[in-house]
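J.: Below you will find the structure I want to go over with you.
The values are calculated or read from the model by the stated rules, or taken from the named source; none is laboratory data. All values reported here derive from a predicted model rather than from experimental measurement. Just so you know, the surface numbers come from the protein's heavy atoms only, side chains and all, with ligands and any DNA or RNA stripped out. Shrake-Rupley method; radii C 1.70, N 1.55, O 1.52, S 1.80 Å.
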Amino acid sequence: MKIRSFILASTAVFALSSAAQAATELYLINCGADNEPQAPVQQTHIDEWVKANPDYTVRVEFLPWEQCQEKTLTLAAAGTPPAAAYMGSRVLKQLSAAGQIVPIELTDDELKTYEPSVISTVQFDGQVWGLPRAFSTKALYWNKDLFKEAGLDMPNGPQTFEEMLTAAKAIKEKTKAAGFGMPAADMDNTFHEFLNFLYSNGGQVVDADGKVVFDSPNNVETLKFYQELAKYSQEGPVAYDRGKLEPLFKEGQIAMYTSGAWGRGKAEGVNYGVALIPAGPSGKHSTLLITDSLVVFKGTGQEEATQNLIKFLTAPERQSAFDEAGGWTPIRAGAGADALVAKDPNWKPFIDAVPTGGPEPLMQDYIAMQDAAIEGIQAVISDEITPEEAAKNIQDGLAALN
């Protein structure tokens, strides 16, 4: 099929080349549900693209997250991949190493529309392997009434590791609440939680060259902080994921916990504040940056058209509408982000941390990496091993995977 390009709304799209030919279907797998608020926004944009490109139709299959990724990987391994998929960016390195996806071709101007920290979640080996579609950051929620009851004078919440430990200890000792809600179950948010603090202390899991650097002084320092913080957290943190902490915060059983912007809607009735993740002695305020991305699979014969579609969907104006509908942290800074803060100042910490945030570490076997890290984190907070031993164990485990 002969394809020619033209510009529509400042984005290159494909024009009609042969109306007489049957339309080619682009099959897109979308992790999530079709009743999520951003789904109709996406469909409107897909319809716009198809109207401008009548040689194509787009079929979107929504699948639950627990099935979606497995089906996508299975189809790709069998040589019958979808044209594109919306999935967690953490698997991009695995897909790239298997030769199952193609890099996204972005002009310098297109690349500049992204914060470098955001594009880093999908960038490795000198190429971009997906386009960020949904984006979250984390911040510290704190109960103002419990801080007051404990006699703490922190009008903006704790700003450093030291202040956070001081606050957690005082609340544990002077109120009926735990100082902090720590997720430490065998779940991905246990690793995610630790990364919030690791990045806020200048730490890394892998460096810019892809080398594992988990045994760095910054990381050992963060593990020591985490071990101390566990003393003032809820009983038995290994039984809790982040979802189980939300009702504890709402009920005043924990004074602090971290969550995404969606946590604002789960704390109704609580006199709370939202602060940047406290900065460690060797770092500055940061956050874990998590993206889900649109990726283009190899072997469909429609890679060029599919890239054009996902670039159309993620162009600034359309992506902003998608972000707003889904309640996500805006992928791009600008008027959309400013409007959120003007409407609700509690959005500010989630947006301000983006430039200094760090990505989910990209390794081929993300699950094994995550499991190795969680095992070490759990051992530290349970006082089974020292922070130095944990850092070495995690270092050795990850280096064997890299």
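J.: If the viscosity is 0.692 mPa s and the temperature 37 °C, what Stokes-Einstein diffusion coefficient in µm²/s follows for the range 118-274 when Rh is the Kirkwood radius over Cα pairs? Don't skip to the answer; put the middle values down first.
T.: Numbers: Rh = 16.7 Å.
Rounded, D is 197 µm²/s.
J.: Identify all aspartates and glutamates with a Cα-Cα distance to Lys266 below 12 Å; exclude those on the same chain that are fewer than 8 residues away in sequence.
T.: Within reach: Glu246, Glu251.
J.: Cross-link partners among lysines for Lys51, C-alpha distance below 18 Å, same-chain residues fewer than 8 apart left out?
T.: Output for Lys51: Lys2, Lys311.
J.: Round to the nearest 10 and give me the degree value, 0 to 90, for the angle of helix 161-174's Cα axis relative to the longest principal axis of the chain.
T.: So the helix axis and the longest Cα principal axis differ by about 60 degrees.
J.: Two decimals is fine: what is log10 I(q)/I(0) at q = 0.14 Å⁻¹ for the range 19-165, from a Debye sum with one equal scatterer on every Cα and no solvent?
T.: Rounded to two decimals, the profile gives -0.86.
J.: Bin width 10 Å, alpha-carbon pairs only: give the P(r) of the range 223-288 as whole percents, running from 0 to the bin holding the largest distance.
T.: All Cα pairs, binned at 10 Å, distribute as 16, 49, 33, 2 percent.
J.: Per the Kirkwood treatment, what hydrodynamic radius in Å, one decimal, follows for the range 164-210 from the mean inverse distance over all distinct Cα pairs? List each step's numbers first, then the result.
T.: Working: mean 1/r = 0.0786 Å⁻¹.
About 12.7 Å for the range 164-210.
J.: Quick one: of Lys144/Lys169; Lys174/Lys348; Lys138/Lys250; Lys71/Lys392; Lys174/Lys284; Lys224/Lys284, which pairs are farther than 26 Å apart, Cα to Cα?
T.: Numbers: Lys144/Lys169 15 Å; Lys174/Lys348 30 Å; Lys138/Lys250 18 Å; Lys71/Lys392 36 Å; Lys174/Lys284 29 Å; Lys224/Lys284 17 Å.
The pairs that break the limit, which is 26 Å between Cα atoms, are Lys174/Lys348; Lys71/Lys392; Lys174/Lys284.
J.: Treating each Cα of the range 41-95 as an identical point scatterer and ignoring solvent, apply the Debye formula and state log10 I(q)/I(0) at q = 0.30 Å⁻¹.
T.: -1.20
J.: Computing the accessible area with a 1.4 Å probe over protein heavy atoms, can you report the carbon and sulfur percentage for the chain? Present the calculation step by step, with values, prior to reporting the outcome.
T.: Details: 8500 of 17060 Å².
After summing per-atom areas, the C and S share lands at 50 percent.
J.: In addition: Calculate I(q)/I(0) for the range 98-155 by the Debye formula, one identical point scatterer on each C-alpha and no solvent, and give its log10 at q = 0.14, 0.16, 0.21 Å⁻¹ to two decimals.
T.: Calculated log10 I(q)/I(0) at the listed q: -0.56, -0.61, -0.85.
J.: Could you tell me the convex hull volume per residue, in Å³, taken over the Cα atoms of the chain? Please report the intermediate quantities before stating the final value.
T.: Numbers: hull volume 53.0 nm³, N = 402.
Roughly 132 Å³ of hull volume per residue.
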